[in-house]
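Working notes for the structure below.
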């Protein structure tokens, strides 16, 4: 099998670096703004180290559209609503500005956790059982929700806002006693809430990169807390990682195949990350991310590093997926 680093040895965009202006779009207005700012800053510094003419563009600040119109390529580094959900991608397409990562439809599909689950189930991709709540009056009483949990999936459950990421608004609920609080927290971030069966097992993640998608080594995540929450993700020394995850040849292949299938089913492009839980040798897909973090503790750069791809090289691989032909 060809070495992953060798697959991405030819970066075509390098030949044009003196002729293109790259705008790193990060920050934004979602609950994940701070993480997005860190991701964007890391990418900007990397591009400058590699000799690109790059600027930082924050949609929350003034003159956003005017700044966008001056660039040749947008490097997407937004997380959460109004960025990761296809909104900015749609604007860029109207302006005919190439951008990195997945398109409008893929971004919107993946951002919607409930719709994503429905698609995965239709494609025979294992994913935890769930119920959904509409937070605008038709979601049922606390008694009804508790009854649905007991009848359909059972406690404990994970309660999540339907959209968003970085585990913001997510809580592990072990009994009805804290059900109301969990729903209340999740409902702050979205009109719908996902209640998902909590599966205990090994937490895994697979990054996928490139025009012709290639999965990176599987990472096993071992958080100090009960699950991989916000603090575990972004604080130093809160989580242990094993790369590649010790799984055995056949199981490794199965997990890589499922992850790549998710990437293709949702029409992801350039980069994605698939999060899974392994329980009794069954890999359950939790979600797909079209715009994974690129901070110092982020998982895709970590997996790329284990495959021999340094951070600056990874950034160029992602930049190289922007289709400059639409200009």
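The values are calculated or read from the model by the stated rules, or taken from the named source; none is laboratory data. What you see is a predicted model; the values in this text were computed from it and never measured. Using ideal geometry, Cβ is built from the backbone for each residue, glycine included, and neighbour counts are taken over all protein chains shown.
What do you reckon, is residue 248 over 14 Å from residue 208 (Cβ atoms) and surrounded by fewer than 20 Cβ atoms within 10 Å (Cβ to Cβ)?
Considered against the rule, which asks whether it is over 14 Å from residue 208 (Cβ atoms) and surrounded by fewer than 20 Cβ atoms within 10 Å (Cβ to Cβ), residue 248 comes out as yes.
Under the condition of being in contact with a helix residue (DSSP H, G or I) (Cβ under 7 Å, 6 or more places away or on another chain), surrounded by fewer than 23 Cβ atoms within 10 Å (Cβ to Cβ), touching a residue at least 24 places away in the same chain (Cβ under 8 Å) and closer than 28 Å to residue 284 by Cβ, the residues counted in the stretch 82-119 number 4. The number of residues in the stretch 221-241 that are at pLDDT 80 or above and buried (at least 16 other Cβ atoms within 10 Å of the Cβ) comes to 3. Evaluated against (1) touching a helix residue (DSSP H, G or I) at 6+ places or on another chain (Cβ under 9 Å); (2) on the phi < 0 side of the Ramachandran plot, residue 267 falls short on exactly one condition, (2). Kindly provide the set of residues from the stretch 19-29 that are in a loop (DSSP other than H, G, I, E, B) and crowded, with 19+ Cβ neighbours inside 10 Å, ordered by number. The answer is 26, 27, 28.
Residues of the stretch 30-47 that are farther than 17 Å from residue 311 by Cβ and either outside any helix (DSSP H, G or I) or in contact with a strand residue (DSSP E or B) (Cβ under 8 Å, 6 or more places away or on another chain) (or both): 30, 31, 32.
Against the conditions (1) under 16 Å from the mean Cα position of the chain (by Cα); (2) part of a loop (DSSP other than H, G, I, E, B), residue 126 satisfies every one except (1).
Would you mind stating whether residue 40 is touching a helix residue (DSSP H, G or I) at 6+ places or on another chain (Cβ under 8 Å), within 22 Å of residue 288 (Cα to Cα) and outside the structural domain of residue 291 (by TED's automatic domain parsing)? It is false that residue 40 is touching a helix residue (DSSP H, G or I) at 6+ places or on another chain (Cβ under 8 Å), within 22 Å of residue 288 (Cα to Cα) and outside the structural domain of residue 291 (by TED's automatic domain parsing). For the stretch 48-64, residues that are outside any loop (DSSP other than H, G, I, E, B) and in contact (Cβ under 8 Å) with a residue 24 or more places away in the chain total 6. Is one or more of the residues making up the stretch 287-299 within 30 Å of residue 23 (Cβ to Cβ), surrounded by fewer than 16 Cβ atoms within 10 Å (Cβ to Cβ) and at pLDDT below 95? Yes, the conditions are met somewhere in the stretch 287-299.
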